[in-house]
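This report concerns only the one structure given below.
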Amino acid sequence: MSARPVKSGTVVVISGPSGVGKGTICRELLKRLDNAYLSVSVTSRPKTEKEVDGRDYWFVSYEEFQNRVGKGLLLEYAEVFGNFYGTPKDKLDEALAANKIAILEIDVQGGKQVKQIYPEAVMIFILAPNQKELAGRLFGRARDDEKTANKRLSRAQTEIEAAQRFYEHRVINDNLQDAVSEIIGIIETERTRKRTVTNKCNEAMEQSE
Ligand code: ADP
Ligand code: 5GP
């Protein structure tokens with residue numbers, strides 16, 4: 001798999017243990033950034049009552065998911081908690097071509113694949129202030145049954161350890177708005193750094209002509 005440098009937009013990967021607040025943070029980022037695009041993943045997981053097809057995920061059968069994998073329509077994909085999740089390529093490419101901040105809320109296996117394809121991706125791992133708070137949020141949102149919620153909680157440590165290698169930024173989601181401000185700061189710093197490098201390269205090329 002060869003690396004694809006991002007010509008204009010910025011790829012931002014947001015990962016973290018289940019229940020840490022990734023979805024909540026991403027929704028806030030969309031409100032506060034006027035040039036952000038939030039990728040809607042495809043999943044073979046069954047839709048819950050509150051979820052909306054096309055807004056939360058594109059819900060498809062296992063066969064349809066594999067069909068899309070076979071056709072090369074997904075940038076990355078992974079099996080998480082027994083279901084498949086993947087990032088559609090087409091909409092992401094459009095967002096990047098339009099110089100947008102493309103936010104991917106995906107797991108660490110997917111994050112690793114994205115970093116290999118887009119080495120300039122901004123990798124942010126979200127942590128809870130402590131394990132008790134994480135458990136409280138996971139059980140408090142009342143989306144999963146107890147067994148599923150426990151399975152999600154027990155995976156948290158594995159995710160945190162796997163994240164050490166690929167995620168250069170870690171943000172603690174204690175106060176929501178503070179965490180979102182910190183993430184916006186990280187994204188802006190990375191975009192400014194990239195612009196500076198691009199300008200310097202252009203100047204160097206002009207001088208050598
Ligand atoms: P994830 O997408 O990581 O699984 P969610 O965004 O669904 O997590 O959040 C899990 C629960 O935690 C939700 O009930 C959400 O309202 C709550 N939550 C998110 N951020 C905070 C925060 N900073 N403080 C308290 N509760 C939070
Ligand atoms: P949930 O079932 O809670 O919505 O998501 C379970 C896990 O799947 C979360 O860790 C979430 O970040 C991850 N996930 C969601 N979409 C994608 C995706 O497109 N690719 C990958 N690799 N993981 C995803």
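For the reader, a short list of remarks on this structure follows.
- Lys100, sole failed condition from (1) within 16 Å of ligand 1 (Cβ to nearest atom); (2) touching a helix residue (DSSP H, G or I) at 6+ places or on another chain (Cβ under 9 Å); (3) basic (Lys, Arg): (1)
- Output for region 67-97, where each listed residue is open to solvent by 60 Å² or more (accessible area, probe 1.4 Å) and either hydroxyl-bearing (Ser, Thr, Tyr) or assigned to a loop (DSSP other than H, G, I, E, B) (or both): Lys71, Leu73, Tyr77
- The condition of being more than 25 Å from Asn175 (Cα to Cα), within 15 Å of ligand 2 (Cβ to nearest atom), basic (Lys, Arg) and open to solvent by less than 50 Å² (accessible area, probe 1.4 Å) holds for Arg45.
- Test: residue in region 83-99 that is among the polar types (S, T, N, Q) and modelled with pLDDT of 95 or more: yes
- Scanning region 5-37 for residues that are in a helix (DSSP H, G or I) and either of a type in the set (D, E, K, R) or in contact with a His (Cβ under 7 Å, 6 or more places away or on another chain) (or both) yields Lys22, Arg27, Glu28, Lys31, Arg32.
- Those residues of region 74-93 which are out of contact with any Leu (no Cβ under 7 Å at 6 or more places or on another chain), in contact (Cβ under 8 Å) with a residue 24 or more places away in the chain and more than 9 Å from ligand 2 (Cβ to nearest atom), in sequence order: Lys91
- Filter result (within 14 Å of ligand 1 (Cβ to nearest atom) and either not in a loop (DSSP other than H, G, I, E, B) or not acidic (Asp, Glu) (or both)) within region 41-54: Ser41, Thr43, Arg45, Thr48, Lys50
- Residue ranges of helices (runs of 4 or more DSSP H) in region 107-209 with at least 1 members open to solvent by less than 50 Å² (accessible area, probe 1.4 Å) and over 25 Å from Arg32 (Cβ atoms): 108-117, 131-140, 146-154, 156-166
The values are calculated or read from the model by the stated rules, or taken from the named source; none is laboratory data. Everything quoted here is computed from the prediction, not taken from an experiment. Virtual Cβ from ideal backbone geometry, glycine too; neighbours counted across all protein chains shown. Side chains included, ligands, DNA and RNA excluded: accessible areas come from the protein's heavy atoms. Shrake-Rupley method; radii C 1.70, N 1.55, O 1.52, S 1.80 Å.
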